[in-house]
Amino acid sequence: MGYQKYDLAPLTHSIDQFLYSHLSSTWAFLAEMTLIGVVFLIFYAVIGLYLVLAERKVCAFMQNRIGPNRVGWFGVIQTIADLFKLLLKELITIRKADKLLFNIAPFIVIIASFLGIAAIPFAMGLHAIDFNIGIFYIMAVSSVGVVGILIAGWSSNNKYSLIGAMRSGAQIVSYELSVGLSLLVIVIYSGTLQLSTLVESQADAWWIIKGHIPAILAFFVFVTAGTAETNRGPFDLAEAESELTAGFHTEYSGIKFAFFFLAEYMNMFLVASVAATVFLGGWMPLHIPGMEGFNNAMDFIPPIVWYFGKTAFVIFLMMWIKWTFPRLRIDQLLNLEWKYLLPINLVNIVVVALIVLMGWYIK
Amino acid sequence: MKSIFDYIAGIFKGVWSLLKGMTITGKYFIRLDKIVTQKYPENRKKLKMYDRFKGELIMPHDANNFHKCNGCGICEMNCPNGSIEVISDKIITSEGKSKRIIGTHIYHLSMCTFCGLCVKSCPSNALAFSQEFEHAVFDRNKLTKVLNNPGSSLVKDLAE
(Lines give C-alpha, C1' and ligand atoms only; values in the text may rest on other atoms or scores of the structure.)
Protein backbone atom coordinates (compact mmCIF):
# COMPACT_ATOMS: atom_id res chain seq x y z
CA MET A 1 0.00 0.00 0.00
CA GLY A 2 1.12 3.53 -0.76
CA TYR A 3 0.67 4.92 2.72
CA GLN A 4 3.57 2.83 4.01
CA LYS A 5 6.15 5.15 2.43
CA TYR A 6 6.07 7.34 5.55
CA ASP A 7 6.49 4.49 8.04
CA LEU A 8 8.28 5.87 11.12
CA ALA A 9 8.88 2.44 12.68
CA PRO A 10 12.48 2.15 11.28
CA LEU A 11 13.34 5.47 12.96
CA THR A 12 11.96 4.45 16.36
CA HIS A 13 13.55 1.00 16.06
CA SER A 14 16.96 2.52 15.27
CA ILE A 15 16.70 4.75 18.38
CA ASP A 16 15.72 1.66 20.39
CA GLN A 17 18.64 -0.36 19.02
CA PHE A 18 21.07 2.53 19.58
CA LEU A 19 20.08 2.73 23.26
CA TYR A 20 20.23 -1.04 23.80
CA SER A 21 23.62 -1.39 22.09
CA HIS A 22 25.23 1.35 24.21
CA LEU A 23 23.61 0.74 27.59
CA SER A 24 22.78 -2.28 29.73
CA SER A 25 19.22 -3.44 29.22
CA THR A 26 17.90 -1.91 32.49
CA TRP A 27 19.42 1.49 31.77
CA ALA A 28 18.32 1.39 28.17
CA PHE A 29 14.77 0.66 29.29
CA LEU A 30 14.89 3.55 31.80
CA ALA A 31 16.40 5.90 29.22
CA GLU A 32 13.68 5.00 26.75
CA MET A 33 10.96 5.61 29.33
CA THR A 34 12.47 8.98 30.25
CA LEU A 35 12.81 9.97 26.61
CA ILE A 36 9.18 9.14 25.85
CA GLY A 37 8.05 10.86 29.05
CA VAL A 38 9.91 14.07 28.19
CA VAL A 39 8.61 14.06 24.61
CA PHE A 40 5.04 13.62 25.85
CA LEU A 41 5.48 16.31 28.52
CA ILE A 42 6.60 18.86 25.93
CA PHE A 43 3.89 17.75 23.51
CA TYR A 44 1.31 18.04 26.29
CA ALA A 45 2.35 21.55 27.27
CA VAL A 46 2.53 22.87 23.70
CA ILE A 47 -0.78 21.33 22.61
CA GLY A 48 -2.53 22.44 25.81
CA LEU A 49 -1.35 26.04 25.49
CA TYR A 50 -2.17 26.32 21.82
CA LEU A 51 -5.60 24.77 22.28
CA VAL A 52 -6.39 27.51 24.82
CA LEU A 53 -5.32 30.10 22.26
CA ALA A 54 -7.30 28.36 19.50
CA GLU A 55 -10.38 28.31 21.68
CA ARG A 56 -10.07 32.02 22.46
CA LYS A 57 -9.65 32.82 18.78
CA VAL A 58 -12.53 30.62 17.62
CA CYS A 59 -14.78 32.01 20.34
CA ALA A 60 -13.83 35.56 19.37
CA PHE A 61 -14.53 35.06 15.68
CA MET A 62 -17.88 33.46 16.42
CA GLN A 63 -18.83 36.53 18.47
CA ASN A 64 -17.57 39.04 15.87
CA ARG A 65 -14.53 39.92 17.96
CA ILE A 66 -10.79 39.68 17.22
CA GLY A 67 -9.55 37.82 20.29
CA PRO A 68 -6.00 37.94 21.65
CA ASN A 69 -3.91 40.00 19.21
CA ARG A 70 -1.40 42.00 21.29
CA VAL A 71 1.19 39.52 22.61
CA GLY A 72 3.20 38.41 19.62
CA TRP A 73 2.03 38.34 16.04
CA PHE A 74 -1.74 37.64 16.03
CA GLY A 75 -1.48 36.83 19.76
CA VAL A 76 0.55 33.64 19.28
CA ILE A 77 2.42 33.89 22.58
CA GLN A 78 -0.54 35.14 24.64
CA THR A 79 -1.11 31.80 26.40
CA ILE A 80 2.60 31.36 27.11
CA ALA A 81 2.55 34.74 28.83
CA ASP A 82 -0.55 33.62 30.74
CA LEU A 83 1.29 30.48 31.88
CA PHE A 84 4.20 32.57 33.19
CA LYS A 85 1.76 34.78 35.06
CA LEU A 86 0.16 31.70 36.66
CA LEU A 87 3.58 30.26 37.56
CA LEU A 88 4.47 33.44 39.44
CA LYS A 89 1.23 33.56 41.41
CA GLU A 90 0.90 32.48 45.03
CA LEU A 91 -0.41 29.00 45.78
CA ILE A 92 -3.03 29.68 48.42
CA THR A 93 -4.01 26.77 50.67
CA ILE A 94 -7.34 27.12 52.40
CA ARG A 95 -7.14 26.97 56.18
CA LYS A 96 -9.82 24.33 56.70
CA ALA A 97 -9.09 22.38 53.50
CA ASP A 98 -7.93 18.79 53.57
CA LYS A 99 -4.30 19.63 52.73
CA LEU A 100 -3.16 16.28 51.31
CA LEU A 101 -6.16 15.72 49.06
CA PHE A 102 -6.27 19.39 48.09
CA ASN A 103 -2.71 19.20 46.81
CA ILE A 104 -3.07 15.78 45.18
CA ALA A 105 -6.27 16.45 43.18
CA PRO A 106 -4.77 18.50 40.29
CA PHE A 107 -2.16 15.81 39.73
CA ILE A 108 -4.76 13.04 39.54
CA VAL A 109 -6.69 15.04 36.93
CA ILE A 110 -3.62 15.78 34.84
CA ILE A 111 -2.15 12.26 35.12
CA ALA A 112 -5.44 10.74 33.94
CA SER A 113 -5.35 12.71 30.71
CA PHE A 114 -1.60 12.12 30.37
CA LEU A 115 -2.08 8.34 30.53
CA GLY A 116 -4.72 8.48 27.84
CA ILE A 117 -2.50 10.35 25.36
CA ALA A 118 0.12 7.56 25.56
CA ALA A 119 -2.05 5.04 23.71
CA ILE A 120 -2.90 7.28 20.73
CA PRO A 121 -1.31 6.34 17.38
CA PHE A 122 0.00 9.66 15.97
CA ALA A 123 1.38 8.31 12.72
CA MET A 124 2.46 5.01 11.25
CA GLY A 125 5.04 3.63 13.69
CA LEU A 126 4.69 6.62 16.05
CA HIS A 127 2.85 4.97 18.88
CA ALA A 128 4.05 4.87 22.51
CA ILE A 129 2.15 1.79 23.72
CA ASP A 130 0.06 -0.38 21.43
CA PHE A 131 -2.24 -2.28 23.77
CA ASN A 132 -4.44 -5.00 22.33
CA ILE A 133 -7.26 -3.38 24.36
CA GLY A 134 -6.36 0.20 23.37
CA ILE A 135 -9.88 1.69 23.27
CA PHE A 136 -10.80 0.05 26.56
CA TYR A 137 -7.58 1.35 28.13
CA ILE A 138 -8.22 4.95 27.02
CA MET A 139 -11.78 4.84 28.34
CA ALA A 140 -10.60 3.39 31.66
CA VAL A 141 -7.81 5.89 32.34
CA SER A 142 -9.70 8.93 31.12
CA SER A 143 -12.48 8.27 33.60
CA VAL A 144 -9.98 8.35 36.48
CA GLY A 145 -9.99 12.13 35.99
CA VAL A 146 -13.40 12.41 37.62
CA VAL A 147 -11.88 11.06 40.84
CA GLY A 148 -9.53 14.04 40.84
CA ILE A 149 -12.43 16.41 40.25
CA LEU A 150 -14.44 14.85 43.09
CA ILE A 151 -11.44 15.04 45.43
CA ALA A 152 -10.84 18.68 44.46
CA GLY A 153 -14.45 19.58 45.22
CA TRP A 154 -14.52 17.64 48.48
CA SER A 155 -11.20 18.80 49.89
CA SER A 156 -11.80 22.48 49.14
CA ASN A 157 -14.32 22.54 52.00
CA ASN A 158 -16.52 24.87 49.99
CA LYS A 159 -20.16 24.27 49.14
CA TYR A 160 -19.89 25.56 45.58
CA SER A 161 -16.91 23.33 44.90
CA LEU A 162 -18.70 20.30 46.33
CA ILE A 163 -21.84 20.93 44.27
CA GLY A 164 -19.71 21.33 41.15
CA ALA A 165 -17.82 18.12 41.84
CA MET A 166 -21.02 16.17 42.53
CA ARG A 167 -22.58 17.40 39.30
CA SER A 168 -19.45 16.41 37.45
CA GLY A 169 -19.64 12.94 38.99
CA ALA A 170 -23.27 12.43 37.95
CA GLN A 171 -22.49 13.74 34.49
CA ILE A 172 -19.45 11.59 33.81
CA VAL A 173 -20.99 8.40 35.21
CA SER A 174 -23.94 8.75 32.83
CA TYR A 175 -22.10 9.97 29.73
CA GLU A 176 -19.42 7.29 30.03
CA LEU A 177 -22.10 4.84 28.88
CA SER A 178 -22.75 6.72 25.65
CA VAL A 179 -19.06 7.09 24.94
CA GLY A 180 -18.49 3.38 25.41
CA LEU A 181 -21.51 2.27 23.41
CA SER A 182 -20.79 4.59 20.48
CA LEU A 183 -17.20 3.28 20.30
CA LEU A 184 -18.59 -0.24 20.49
CA VAL A 185 -20.32 0.35 17.14
CA ILE A 186 -16.96 0.61 15.40
CA VAL A 187 -15.51 -2.20 17.49
CA ILE A 188 -18.28 -4.47 16.18
CA TYR A 189 -17.56 -3.33 12.61
CA SER A 190 -13.80 -3.82 12.80
CA GLY A 191 -13.70 -6.69 15.27
CA THR A 192 -10.73 -5.26 17.22
CA LEU A 193 -9.99 -3.14 20.27
CA GLN A 194 -6.37 -2.52 19.29
CA LEU A 195 -5.88 1.00 17.93
CA SER A 196 -3.16 0.13 15.42
CA THR A 197 -5.22 -2.66 13.80
CA LEU A 198 -8.26 -0.41 13.94
CA VAL A 199 -6.41 2.20 11.88
CA GLU A 200 -5.08 -0.47 9.49
CA SER A 201 -8.63 -1.75 8.97
CA GLN A 202 -9.53 1.65 7.50
CA ALA A 203 -6.97 1.41 4.69
CA ASP A 204 -9.68 1.00 2.02
CA ALA A 205 -12.04 3.62 3.47
CA TRP A 206 -12.74 5.27 6.83
CA TRP A 207 -15.29 3.62 9.09
CA ILE A 208 -17.58 6.63 8.93
CA ILE A 209 -17.88 5.97 5.16
CA LYS A 210 -17.78 2.17 5.29
CA GLY A 211 -20.17 1.95 8.23
CA HIS A 212 -22.65 4.46 6.68
CA ILE A 213 -25.71 5.49 8.79
CA PRO A 214 -24.94 3.73 12.12
CA ALA A 215 -21.33 4.95 12.05
CA ILE A 216 -22.36 8.57 11.34
CA LEU A 217 -24.93 8.37 14.13
CA ALA A 218 -22.32 6.90 16.48
CA PHE A 219 -19.85 9.65 15.53
CA PHE A 220 -22.24 12.43 16.50
CA VAL A 221 -23.27 10.64 19.69
CA PHE A 222 -19.58 10.23 20.53
CA VAL A 223 -18.80 13.91 19.95
CA THR A 224 -21.77 14.95 22.11
CA ALA A 225 -20.98 12.52 24.92
CA GLY A 226 -17.27 13.27 24.67
CA THR A 227 -17.95 16.99 25.04
CA ALA A 228 -19.99 16.18 28.14
CA GLU A 229 -17.28 13.93 29.52
CA THR A 230 -14.62 16.63 29.26
CA ASN A 231 -16.89 19.03 31.21
CA ARG A 232 -16.98 21.49 28.34
CA GLY A 233 -19.81 23.80 27.42
CA PRO A 234 -22.76 23.38 26.91
CA PHE A 235 -22.25 20.63 29.52
CA ASP A 236 -19.94 22.63 31.82
CA LEU A 237 -22.20 22.28 34.85
CA ALA A 238 -19.23 21.35 37.01
CA GLU A 239 -17.82 24.85 36.53
CA ALA A 240 -20.90 26.92 35.64
CA GLU A 241 -19.36 30.36 36.27
CA SER A 242 -22.71 32.07 36.71
CA GLU A 243 -23.95 29.63 39.35
CA LEU A 244 -20.95 28.16 41.15
CA THR A 245 -18.23 30.83 40.64
CA ALA A 246 -15.87 28.22 39.20
CA GLY A 247 -17.14 24.91 40.58
CA PHE A 248 -14.57 22.40 41.71
CA HIS A 249 -11.54 24.64 41.06
CA THR A 250 -12.87 27.74 42.87
CA GLU A 251 -10.27 27.51 45.63
CA TYR A 252 -7.28 26.72 43.45
CA SER A 253 -4.78 29.35 42.40
CA GLY A 254 -1.60 29.66 40.41
CA ILE A 255 -0.19 26.61 38.71
CA LYS A 256 -2.63 24.19 40.34
CA PHE A 257 -5.45 26.02 38.64
CA ALA A 258 -3.44 25.90 35.41
CA PHE A 259 -3.24 22.11 35.81
CA PHE A 260 -7.03 21.82 35.85
CA PHE A 261 -7.24 24.18 32.92
CA LEU A 262 -4.64 22.31 30.87
CA ALA A 263 -6.18 18.94 31.74
CA GLU A 264 -9.54 20.14 30.44
CA TYR A 265 -7.99 21.04 27.09
CA MET A 266 -5.95 17.87 26.91
CA ASN A 267 -9.09 15.83 27.59
CA MET A 268 -10.67 17.62 24.68
CA PHE A 269 -7.65 16.72 22.56
CA LEU A 270 -7.91 13.11 23.74
CA VAL A 271 -11.61 12.87 22.86
CA ALA A 272 -10.97 14.49 19.48
CA SER A 273 -8.09 12.16 18.67
CA VAL A 274 -10.09 9.08 19.69
CA ALA A 275 -12.93 10.28 17.45
CA ALA A 276 -10.44 10.89 14.63
CA THR A 277 -8.77 7.49 15.11
CA VAL A 278 -11.88 5.39 15.45
CA PHE A 279 -14.29 7.06 13.04
CA LEU A 280 -12.14 9.13 10.67
CA GLY A 281 -9.25 6.75 10.11
CA GLY A 282 -6.60 8.19 12.42
CA TRP A 283 -3.43 8.80 10.42
CA MET A 284 -4.82 6.90 7.42
CA PRO A 285 -5.10 9.08 4.28
CA LEU A 286 -8.48 9.53 2.62
CA HIS A 287 -9.05 6.48 0.43
CA ILE A 288 -12.08 5.91 -1.75
CA PRO A 289 -12.53 2.32 -2.97
CA GLY A 290 -12.04 2.02 -6.71
CA MET A 291 -10.21 5.32 -7.30
CA GLU A 292 -6.55 4.28 -7.54
CA GLY A 293 -5.13 7.59 -8.82
CA PHE A 294 -6.86 9.64 -6.14
CA ASN A 295 -5.77 7.21 -3.43
CA ASN A 296 -2.15 7.36 -4.59
CA ALA A 297 -2.23 11.16 -4.61
CA MET A 298 -3.61 11.21 -1.05
CA ASP A 299 -0.79 8.90 0.09
CA PHE A 300 1.75 11.66 -0.58
CA ILE A 301 0.42 13.71 2.35
CA PRO A 302 2.25 12.38 5.46
CA PRO A 303 0.11 10.48 8.01
CA ILE A 304 0.97 12.90 10.80
CA VAL A 305 -0.65 15.72 8.81
CA TRP A 306 -3.75 13.59 8.31
CA TYR A 307 -3.88 12.78 12.02
CA PHE A 308 -3.56 16.39 13.19
CA GLY A 309 -5.90 17.64 10.48
CA LYS A 310 -8.67 15.26 11.52
CA THR A 311 -8.12 15.97 15.22
CA ALA A 312 -8.25 19.70 14.55
CA PHE A 313 -11.51 19.21 12.66
CA VAL A 314 -13.13 17.39 15.60
CA ILE A 315 -11.75 19.98 18.05
CA PHE A 316 -13.23 22.75 15.92
CA LEU A 317 -16.56 20.92 15.93
CA MET A 318 -16.47 20.77 19.74
CA MET A 319 -15.59 24.47 19.99
CA TRP A 320 -18.38 25.31 17.57
CA ILE A 321 -20.82 23.41 19.80
CA LYS A 322 -19.49 25.12 22.91
CA TRP A 323 -19.80 28.66 21.59
CA THR A 324 -23.24 28.17 20.06
CA PHE A 325 -25.40 26.52 22.71
CA PRO A 326 -26.40 27.74 26.17
CA ARG A 327 -25.59 25.60 29.21
CA LEU A 328 -28.00 22.77 30.04
CA ARG A 329 -29.67 22.44 33.42
CA ILE A 330 -28.78 19.32 35.43
CA ASP A 331 -32.15 17.64 34.77
CA GLN A 332 -31.97 18.47 31.06
CA LEU A 333 -28.45 17.05 31.00
CA LEU A 334 -29.53 13.73 32.51
CA ASN A 335 -32.66 13.66 30.31
CA LEU A 336 -30.51 14.03 27.22
CA GLU A 337 -28.35 11.09 28.24
CA TRP A 338 -30.87 8.61 29.66
CA LYS A 339 -33.86 9.39 27.45
CA TYR A 340 -32.18 10.15 24.14
CA LEU A 341 -28.51 9.23 23.67
CA LEU A 342 -28.61 5.89 25.49
CA PRO A 343 -31.73 4.45 23.75
CA ILE A 344 -30.45 5.67 20.37
CA ASN A 345 -27.13 4.01 21.07
CA LEU A 346 -28.65 0.70 22.15
CA VAL A 347 -30.86 0.53 19.04
CA ASN A 348 -27.83 1.51 16.96
CA ILE A 349 -25.79 -1.38 18.36
CA VAL A 350 -28.52 -3.92 17.58
CA VAL A 351 -28.75 -2.51 14.03
CA VAL A 352 -24.96 -2.69 13.62
CA ALA A 353 -24.89 -6.29 14.82
CA LEU A 354 -27.49 -7.12 12.18
CA ILE A 355 -25.60 -5.21 9.48
CA VAL A 356 -22.34 -6.96 10.28
CA LEU A 357 -24.06 -10.33 10.37
CA MET A 358 -25.61 -9.77 6.94
CA GLY A 359 -22.52 -8.06 5.53
CA TRP A 360 -24.43 -4.90 4.51
CA TYR A 361 -21.44 -2.59 4.82
CA ILE A 362 -18.62 -1.68 2.42
CA LYS A 363 -15.92 -4.32 2.85
CA MET B 1 -48.01 4.82 19.40
CA LYS B 2 -48.45 8.58 19.25
CA SER B 3 -45.91 9.02 22.03
CA ILE B 4 -43.30 7.11 20.00
CA PHE B 5 -43.89 9.36 16.98
CA ASP B 6 -43.68 12.42 19.26
CA TYR B 7 -40.38 11.13 20.65
CA ILE B 8 -38.84 10.65 17.20
CA ALA B 9 -40.26 13.93 15.86
CA GLY B 10 -38.87 15.65 18.96
CA ILE B 11 -35.38 14.34 18.20
CA PHE B 12 -35.50 15.61 14.61
CA LYS B 13 -36.95 18.98 15.68
CA GLY B 14 -34.26 19.34 18.32
CA VAL B 15 -31.45 18.48 15.93
CA TRP B 16 -32.88 20.88 13.34
CA SER B 17 -32.96 23.78 15.81
CA LEU B 18 -29.43 22.98 16.98
CA LEU B 19 -28.22 23.02 13.37
CA LYS B 20 -29.95 26.37 12.84
CA GLY B 21 -28.03 27.83 15.77
CA MET B 22 -24.78 26.39 14.49
CA THR B 23 -25.35 27.90 11.03
CA ILE B 24 -25.57 31.36 12.59
CA THR B 25 -22.34 31.03 14.55
CA GLY B 26 -20.72 29.35 11.55
CA LYS B 27 -21.64 32.34 9.39
CA TYR B 28 -20.16 34.72 11.94
CA PHE B 29 -17.02 32.61 12.03
CA ILE B 30 -16.35 33.01 8.31
CA ARG B 31 -17.52 36.62 7.96
CA LEU B 32 -14.34 38.22 9.33
CA ASP B 33 -15.24 41.57 7.74
CA LYS B 34 -18.12 41.97 10.20
CA ILE B 35 -15.83 42.20 13.23
CA VAL B 36 -16.97 44.95 15.59
CA THR B 37 -13.85 45.22 17.77
CA GLN B 38 -11.90 48.44 17.22
CA LYS B 39 -8.17 48.51 17.79
CA TYR B 40 -8.10 51.65 19.90
CA PRO B 41 -4.69 53.28 20.00
CA GLU B 42 -4.06 52.48 16.30
CA ASN B 43 -7.34 53.89 15.04
CA ARG B 44 -7.18 57.04 17.20
CA LYS B 45 -7.08 59.33 14.14
CA LYS B 46 -10.28 58.07 12.53
CA LEU B 47 -12.07 56.96 15.69
CA LYS B 48 -15.62 58.30 15.74
CA MET B 49 -17.65 58.13 18.93
CA TYR B 50 -21.43 57.97 18.96
CA ASP B 51 -23.74 60.99 19.23
CA ARG B 52 -25.10 60.00 22.64
CA PHE B 53 -21.65 59.26 24.07
CA LYS B 54 -20.98 61.27 27.26
CA GLY B 55 -17.36 62.37 27.08
CA GLU B 56 -17.06 65.55 29.14
CA LEU B 57 -19.31 68.51 29.85
CA ILE B 58 -18.91 71.51 27.54
CA MET B 59 -20.71 74.76 26.91
CA PRO B 60 -21.06 75.18 23.13
CA HIS B 61 -20.02 78.60 21.83
CA ASP B 62 -20.88 79.85 18.37
CA ALA B 63 -18.50 81.54 15.93
CA ASN B 64 -18.97 84.99 17.51
CA ASN B 65 -18.14 83.65 20.99
CA PHE B 66 -21.74 83.60 22.20
CA HIS B 67 -23.19 80.96 24.50
CA LYS B 68 -26.71 80.37 25.86
CA CYS B 69 -26.00 80.26 29.62
CA ASN B 70 -27.72 82.92 31.71
CA GLY B 71 -26.19 81.82 34.99
CA CYS B 72 -29.41 80.56 36.64
CA GLY B 73 -27.56 77.84 38.57
CA ILE B 74 -30.09 75.03 37.98
CA CYS B 75 -27.29 72.73 36.81
CA GLU B 76 -25.40 73.39 40.05
CA MET B 77 -28.50 72.51 42.10
CA ASN B 78 -29.17 69.35 40.10
CA CYS B 79 -25.64 68.02 40.19
CA PRO B 80 -25.67 65.07 42.65
CA ASN B 81 -21.99 65.27 43.56
CA GLY B 82 -21.34 68.98 43.39
CA SER B 83 -19.07 68.99 40.41
CA ILE B 84 -20.52 72.25 39.01
CA GLU B 85 -20.02 75.68 40.55
CA VAL B 86 -21.80 78.65 38.99
CA ILE B 87 -20.48 82.08 39.96
CA SER B 88 -22.86 84.67 38.57
CA ASP B 89 -22.23 88.29 37.93
CA LYS B 90 -24.44 91.39 37.66
CA ILE B 91 -24.46 94.00 34.95
CA ILE B 92 -26.53 97.15 34.37
CA THR B 93 -28.27 97.06 31.01
CA SER B 94 -28.74 100.10 28.75
CA GLU B 95 -32.27 100.57 30.18
CA GLY B 96 -30.78 100.92 33.64
CA LYS B 97 -31.99 97.52 34.89
CA SER B 98 -29.69 95.23 36.83
CA LYS B 99 -29.31 91.82 35.14
CA ARG B 100 -27.72 88.52 36.19
CA ILE B 101 -25.16 87.02 33.82
CA ILE B 102 -22.69 84.19 34.14
CA GLY B 103 -19.32 85.03 35.61
CA THR B 104 -17.50 81.72 35.67
CA HIS B 105 -19.02 78.28 35.13
CA ILE B 106 -16.63 75.91 36.92
CA TYR B 107 -16.74 72.18 36.13
CA HIS B 108 -14.82 69.63 38.24
CA LEU B 109 -14.22 66.72 35.88
CA SER B 110 -12.62 64.76 38.74
CA MET B 111 -15.95 64.59 40.59
CA CYS B 112 -18.27 64.07 37.63
CA THR B 113 -20.07 60.73 37.20
CA PHE B 114 -21.41 61.63 33.74
CA CYS B 115 -25.03 61.17 34.82
CA GLY B 116 -26.13 63.93 32.46
CA LEU B 117 -28.63 65.60 34.82
CA CYS B 118 -27.09 69.05 34.19
CA VAL B 119 -27.61 68.76 30.43
CA LYS B 120 -31.16 67.46 30.87
CA SER B 121 -32.21 70.11 33.37
CA CYS B 122 -30.71 73.15 31.69
CA PRO B 123 -33.66 75.38 30.69
CA SER B 124 -31.80 77.13 27.88
CA ASN B 125 -29.88 74.14 26.44
CA ALA B 126 -26.59 75.78 27.20
CA LEU B 127 -24.73 72.59 28.15
CA ALA B 128 -23.76 69.52 26.12
CA PHE B 129 -21.45 66.53 26.19
CA SER B 130 -18.42 66.38 23.93
CA GLN B 131 -17.03 63.20 22.41
CA GLU B 132 -13.62 63.68 24.03
CA PHE B 133 -12.76 60.78 26.38
CA GLU B 134 -9.01 60.90 26.87
CA HIS B 135 -9.07 62.77 30.17
CA ALA B 136 -5.82 61.58 31.73
CA VAL B 137 -3.57 64.44 32.94
CA PHE B 138 -0.52 64.61 35.20
CA ASP B 139 -1.88 67.32 37.51
CA ARG B 140 -5.33 67.02 38.99
CA ASN B 141 -5.78 70.78 39.03
CA LYS B 142 -6.12 70.48 35.27
CA LEU B 143 -9.35 68.58 35.83
CA THR B 144 -11.06 71.73 37.10
CA LYS B 145 -12.27 73.55 34.02
CA VAL B 146 -13.98 76.86 33.27
CA LEU B 147 -16.65 76.22 30.67
CA ASN B 148 -17.45 79.72 29.43
CA ASN B 149 -14.79 81.19 27.19
CA PRO B 150 -13.19 84.47 28.31
CA GLY B 151 -14.98 87.47 26.80
CA SER B 152 -18.01 85.46 25.73
CA SER B 153 -21.54 86.65 26.34
CA LEU B 154 -25.17 85.54 26.20
CA VAL B 155 -26.81 85.25 22.77
CA LYS B 156 -29.76 87.54 23.67
CA ASP B 157 -27.43 90.40 24.63
CA LEU B 158 -26.58 90.82 20.99
CA ALA B 159 -29.97 92.45 20.28
CA GLU B 160 -29.55 94.99 23.04
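The values are calculated or read from the model by the stated rules, or taken from the named source; none is laboratory data. As the structure is a computational prediction, the values presented were derived from the model and not from experiment. Ideal geometry is used to build each Cβ from the backbone, glycine not excepted, and the neighbour counts take in all protein chains shown.
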Checklist outcome for this item: Flagged in the stretch A:241-256 as surrounded by fewer than 19 Cβ atoms within 10 Å (Cβ to Cβ) and over 11 Å from A:Gly153 (Cα atoms), in numbering order, are A:Glu241, A:Ser242, A:Glu243, A:Thr245, A:Ser253, A:Gly254, A:Ile255
Checklist entry - Does A:Leu341 satisfy being buried (at least 18 other Cβ atoms within 10 Å of the Cβ), part of a helix (DSSP H, G or I) and within 14 Å of chain B (Cβ to nearest Cβ)? => result yes
Checklist entry - Can we say B:Asp62 is within 14 Å of chain A (Cβ to nearest Cβ) and loosely packed, with under 11 Cβ neighbours inside 10 Å? => result no
Item to check | Check on A:Ala297, small (Gly, Ala, Ser), in a helix (DSSP H, G or I) and over 18 Å from A:Asp204 (Cβ atoms) | outcome: no
Next on the checklist: Among the numbered criteria (1) of a type outside the set (Lys, Arg); (2) free of Cβ contacts under 8 Å to residues at least 60 places away in the same chain; (3) buried (at least 22 other Cβ atoms within 10 Å of the Cβ), which one does A:Tyr137 miss?
Outcome noted: (3)
Next on the checklist: Considering only the stretch A:206-215, I want to know if a residue exists there that is touching a Gly at 6+ places or on another chain (Cβ under 8 Å) and at pLDDT 85 or above.
Outcome noted: no
Next on the checklist: Every residue in the stretch A:323-334 that is more than 7 Å from chain B (Cβ to nearest Cβ) and out of contact with any Ser or Thr (no Cβ under 7 Å at 6 or more places or on another chain), please.
Outcome noted: A:Pro326, A:Arg327, A:Leu328, A:Arg329, A:Ile330, A:Asp331, A:Gln332, A:Leu333
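Per-residue answers, yes or no, for (1) within 17 Å of the chain's Cα centre (by Cα); (2) assigned to a loop (DSSP other than H, G, I, E, B); (3) among the acidic types (Asp, Glu):
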{"residue": "A:Leu237", "(1), (2), (3)": "no, yes, no"}
{"residue": "A:Glu243", "(1), (2), (3)": "no, no, yes"}
{"residue": "A:Phe259", "(1), (2), (3)": "yes, no, no"}
{"residue": "A:Ala263", "(1), (2), (3)": "yes, no, no"}
{"residue": "A:Asn267", "(1), (2), (3)": "yes, no, no"}
{"residue": "A:Leu270", "(1), (2), (3)": "yes, no, no"}
{"residue": "A:Ile288", "(1), (2), (3)": "no, yes, no"}
{"residue": "A:Arg327", "(1), (2), (3)": "no, yes, no"}
{"residue": "A:Asp331", "(1), (2), (3)": "no, no, yes"}
Checklist outcome for this item: For the stretch A:55-80, the count of residues that are of a type in the set (A, V, I, L, M), assigned to a helix (DSSP H, G or I) and away from every other protein chain (no Cβ under 13 Å) equals 1
Checklist entry - Can you name the residue in the stretch A:190-205 that is crowded, with 17+ Cβ neighbours inside 10 Å and either aliphatic (A, V, I, L, M) or touching a Lys or Arg at 6+ places or on another chain (Cβ under 7 Å) (or both) and, of all such residues, is modelled with the lowest pLDDT? => result A:Ala205
Checklist entry - From the list B:Lys27, B:Lys20, B:Lys54, which one is more than 14 Å from every other protein chain (Cβ to nearest Cβ) and either within 28 Å of B:Leu127 (Cβ to Cβ) or not aromatic (Phe, Trp, Tyr) (or both)? => result B:Lys54
Checklist outcome for this item: Of those in the stretch B:30-46 that are facing chain A (nearest Cβ under 9 Å) and assigned to a loop (DSSP other than H, G, I, E, B), the residue farthest from A:Cys59 (Cα to Cα) is B:Lys39
Checklist outcome for this item: Only unsatisfied item for A:Glu264, checking (1) buried (at least 18 other Cβ atoms within 10 Å of the Cβ); (2) out of contact with any Pro (no Cβ under 9 Å at 6 or more places or on another chain); (3) within 14 Å of chain B (Cβ to nearest Cβ), is (3)
Checklist outcome for this item: Given the conditions (1) more than 13 Å from chain B (Cβ to nearest Cβ); (2) buried (at least 17 other Cβ atoms within 10 Å of the Cβ); (3) touching a helix residue (DSSP H, G or I) at 6+ places or on another chain (Cβ under 6 Å); (4) among the aliphatic types (A, V, I, L, M), every one holds for A:Met319 apart from (1)
Next on the checklist: Given the criteria of a type in the set (A, V, I, L, M), loosely packed, with under 15 Cβ neighbours inside 10 Å and modelled with pLDDT of 85 or more, does B:Ile84 qualify?
Outcome noted: no
Checklist entry - Is one or more of the residues making up the stretch A:25-35 more than 14 Å from every other protein chain (Cβ to nearest Cβ), within 23 Å of the chain's Cα centre (by Cα) and in contact (Cβ under 8 Å) with a residue 24 or more places away in the chain? => result no
Next on the checklist: With the structure loaded, tell me whether B:Asn70 is touching a Ser or Thr at 6+ places or on another chain (Cβ under 8 Å), more than 11 Å from chain A (Cβ to nearest Cβ) and modelled with pLDDT of 85 or more or whether it fails that test.
Outcome noted: no
